[in-house]
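Q: Please read through the structure below; I'll follow up with questions.
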Amino acid sequence: MKFKDPLFLLFFIPVILFFLAYLLGWIGKDGALKFSNLKLIKTAGGKKTGLRRVVTALLRLAALTFLILALMRPQTGTGEEKSTRHVVDLVVALDISGSMASLDFQPDNRLTAAKLEAKRFIEGRSNDRIGLVIFAGQSFTQCPLTIDHKAILTLLDQIQIGMVEDGTAIGLGLGNAVNRLRGSEAKSKIIVLLTDGVNNAGEIDPLTAAELAKQFKIRVYTVGVGKEGFAYIPVKDPAFGTRLMKMQTQIDEKLLSEIASKTGGKYFRAQDQQSLRDIFRDIDSLEKTEITVEKFVHYEEHYFLFLWPALIFLLIEIAWTNLLLVKIP
């Protein structure tokens, strides 16, 4: 319940002042007669003036209190909310080629770091539909667009190097992600593509895939993953078991920048886990989900719940003053 006109609450100030003044006898004094002996008054059934004034004042105060509450227009509201959501449809395209096992992202490799930060990113976008595409020498959809984020996080955890033949088919990965989004009616459609290499596999040229993304109004944010220079990568040796091999980082930054620029996105370079986390935060801030809420409320008046008690107390006060009190003429 709420009060439509709460300013009527200020009326309590003069009401309380009147109540106190009446009790103290400053206003509303009774007429007085002098008697030589009070026994006559007692025999006639006279009441003490103090009790009469207190009861009268309390009845008037109660009547005025309920009257003021009625004037404040107590209301209860029933209604509904209508939400309009301009959500984002988003696909994460993740490179799982062998070079993503490079140990230049502490405390583990590039793929582990990318999965961890992608997980944080997905958990922060509870209103969006998100899909997951992986690529190496080939590409396939690990998870189609869904709002079931628990499912996509489970499938993200299951990604491992070696799930598809090795290579870096950036064009195939991007083309697959575009295919996931081309039928979307979302206001915003974006792809976050992470890779640590140079396109060397697949039948689709990366710039051709970028042109397709542009036609479907899909923005592509590209992320080059890996430190400058050399990194160590674990290699299985039949004779000596797993050993570390030094490998130079090669990222086609020019290509990734061109893909992002062509589609209205942006290119980022991540050389450690913290910078990768910051990149996902930047993308998150660039692609905000908009939710507009319209509220329709119908209010029902309940002033009569206070008006009736005010009338009852007023009638009681009239009866008390004119019928129950014994007055001496």
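Q: Under 15 Å Cα-Cα from residue 262, which aspartates and glutamates qualify once same-chain neighbours fewer than 8 residues away are excluded?
A: Those aspartates and glutamates meeting the cut-off are 205, 211, 253.
Q: If we count other beta carbons within 10 Å of each Cβ, what is the order of 230, 3, fewest first?
A: Sorted ascending by nearby Cβ count, the order is 230, 3.
Q: With θ set to phi - 60° and the Karplus curve 6.51 cos²θ - 1.76 cosθ + 1.60, what are the ³J(HN,Hα) couplings of region 258-268 in order, to the nearest whole Hz, using x for Gly and Pro?
A: Using θ = phi - 60°, the values come out as 5, 4, 5, 5, 5, 9, x, x, 8, 9, 10 Hz.
Q: If R0 is 35 Å, what FRET efficiency do you get for residue 214 and residue 244 from their C-beta distance, rounded to 0.05?
A: Efficiency, from the Cβ-Cβ distance: 0.25.
Q: Then there's this: Looking at the square roots a ≥ b ≥ c of the eigenvalues of the Cα gyration tensor of region 212-272, which shape do they give, rounded for a/c under 1.5, prolate if a/b is larger than b/c, or oblate? If you can, show how the numbers build up before the last one.
A: On the way: a/c = 4.25, a/b = 2.68, b/c = 1.58.
Prolate shape, in that a/c is at least 1.5 and a/b is the bigger ratio.
Q: Decide, for region 85-210, between rounded, prolate and oblate: order the square roots of the alpha carbon gyration tensor eigenvalues as a ≥ b ≥ c, take rounded if a/c falls under 1.5, and otherwise choose prolate if a/b is larger than b/c, else oblate.
A: Here region 85-210 falls in the oblate category.
Q: A further question follows. What list do you get for 318, 233 if you sort them by fewest beta carbons within 10 Å?
A: In increasing order of surrounding Cβ atoms, one gets 318, 233.
Q: Here's something else I'd like to know. Under 5 Å between amide hydrogens, which residues at least 5 positions from residue 146 or on another chain qualify, with H placed 1.01 Å from N in the peptide plane?
A: It is 130, 131, by chain and number.
Q: Amide H neighbours of residue 96 under 5 Å, at least 5 residues apart or on other chains, H built in the peptide plane: list them.
A: 135, 136
Q: Using the count of nearby Cβ atoms within 10 Å as a rough guide to exposure, how do 72, 100 rank from fewest to most?
A: Ordered by Cβ neighbours within 10 Å, fewest first: 72, 100.
Q: Follow-up. Sequence gap at least 6, Cα distance under 8 Å: using those rules, report the relative contact order of region 145-228 to the nearest whole percent.
A: Details: 91 pairs, mean separation 29.3, N = 84.
Worked out over region 145-228, it gives 35 percent.
Q: Would you mind checking the pairs 266/288; 227/254; 119/266; 2/288; 189/266; 187/214 and listing those with alpha carbons more than 26 angstrom apart?
A: Violating the 26 Å limit, Cα to Cα: 2/288.
No lab work stands behind these numbers, since they all come straight from the coordinates. Quick caveat: nothing in here was measured; it's all calculated off a predicted structure. Note that we place each Cβ from the backbone using ideal geometry, even for glycine, and neighbour counts take in every protein chain shown.
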